[in-house]
Every structure is written in C-alpha cells, then in structure tokens.
Amino acid sequence: IDKTSPKVLDKNTKSYKKVKAKKQTLKIKFSENVKISSKNLKKILVKTSKGKKVSVKFAVKNNYLYMKIPKVTKKTKYYLIIPKNTVSDKLGNLLKSKTTLRYISV
C-alpha cells in the first residue's frame with residue numbers, strides 16, 4: 001500500500017522564479033497525480049510581498065497544479081502558499097507540510 005504523500009517538485013521555495021508580468025499560466029509539478037477539492041482550492045493563496053492577495057484561477061490535471069495569474073506589474077514579488085493537507089494523491093495521502101513558492105515578475 002502506498003503511504004507516500006505527494007510533494008511539490010518545484011525548486012523555487014527558497015529563491016524567486018522569474019515569470020513574465022503579463023497574463024500567463026504557471027505549472028506547479030507534484031511527485032505524483034494529485035486531487036484537490038474545490039473547497040481546498042480556495043485555501044491556496046497567492047499574495048504579494050506586501051501581503052495583498054492576488055486573485056488567480058487554479059486547475060488540476062494529473063500531477064500538475066495550473067495557476068493562471070493576472071497581469072501584474074514588473075518587479076512584483078509574490079508567493080503561492082499551499083497549506084498542508086489541501087492536496088492529496090489518488091489514495092488519499094495528504095501533503096504533509098505547507099509549501100510556499102516564490103515568484104518575481106519581469
């Protein structure tokens with residue numbers, strides 16, 4: 001029986017990943033296929049470095065979380081915060097810890 005919880009495979013938890021300031025869709029890769037209920041999708045936050053919430057749209061397919069970001073100004077730092085227990089794999093194993101991914105618009 002699989003008891004391994006899903007993990008975020010992106011490496012931008014400590015440094016900032018550069019993204020274009022115009023509208024685009026970002027892919028966050030997980031270690032295995034994941035499920036996120038609509039209730040839990042609402043718990044996933046995107047905030048600027050000043051604490052202002054950014055409205056984004058999410059979609060889940062296979063082992064990716066797709067995040068459609070709105071147009072933001074250049075040199076804006078923002079964070080994608082995925083709380084623990086919001087993401088599960090097909091067998092119900094939950095994400096064990098909170099993950100914060102860092103982005104900067106260029």
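The values are calculated or read from the model by the stated rules, or taken from the named source; none is laboratory data. Owing to the predicted nature of the structure, the values given are computational and were not obtained by experimental measurement. Methodologically, a virtual Cβ is constructed for each residue, glycine included, from the backbone with ideal geometry; neighbour enumeration extends over all protein chains shown. Surface areas here come from the heavy atoms of the whole protein model, side chains and all, with no ligands, DNA or RNA. Shrake-Rupley method; radii C 1.70, N 1.55, O 1.52, S 1.80 Å.
Looking across segment 86-102, the residues that are of a type in the set (S, T, N, Q), in contact (Cβ under 8 Å) with a residue 40 or more places away in the chain and either outside any loop (DSSP other than H, G, I, E, B) or open to solvent by 20 Å² or more (accessible area, probe 1.4 Å) (or both) come down to Ser88, Asn93, Thr99, Thr100. For segment 26-46, the candidate set comprises residues that are surrounded by 12 or more Cβ atoms within 10 Å (Cβ to Cβ) and hydroxyl-bearing (Ser, Thr, Tyr); within that set, the residue that is nearest to Leu95 (Cα to Cα) is Ser31. Of all residues in segment 32-68, those being of a type outside the set (Ser, Thr, Tyr), closer than 30 Å to Thr4 by Cα and in contact with a strand residue (DSSP E or B) (Cβ under 7 Å, 6 or more places away or on another chain) number 19. Residue count for segment 40-85 under the criterion of being closer than 16 Å to Gln24 by Cα, touching a Leu at 6+ places or on another chain (Cβ under 6 Å) and among the charged types (D, E, K, R): the result is 0. Of all the residues in segment 1-17, those that are surrounded by fewer than 11 Cβ atoms within 10 Å (Cβ to Cβ), charged (D, E, K, R), within 15 Å of Tyr103 (Cα to Cα) and touching a residue at least 24 places away in the same chain (Cβ under 8 Å) number 1. Restricting Lys50, Lys43 to residues that are at pLDDT 95 or above and either among the aliphatic types (A, V, I, L, M) or assigned to a loop (DSSP other than H, G, I, E, B) (or both) narrows the list to Lys43.
Checking the structure you have, find out if any residue of segment 47-62 is among the basic types (Lys, Arg) and surrounded by 15 or more Cβ atoms within 10 Å (Cβ to Cβ). The answer is yes, given that some residue of segment 47-62 is among the basic types (Lys, Arg) and surrounded by 15 or more Cβ atoms within 10 Å (Cβ to Cβ).
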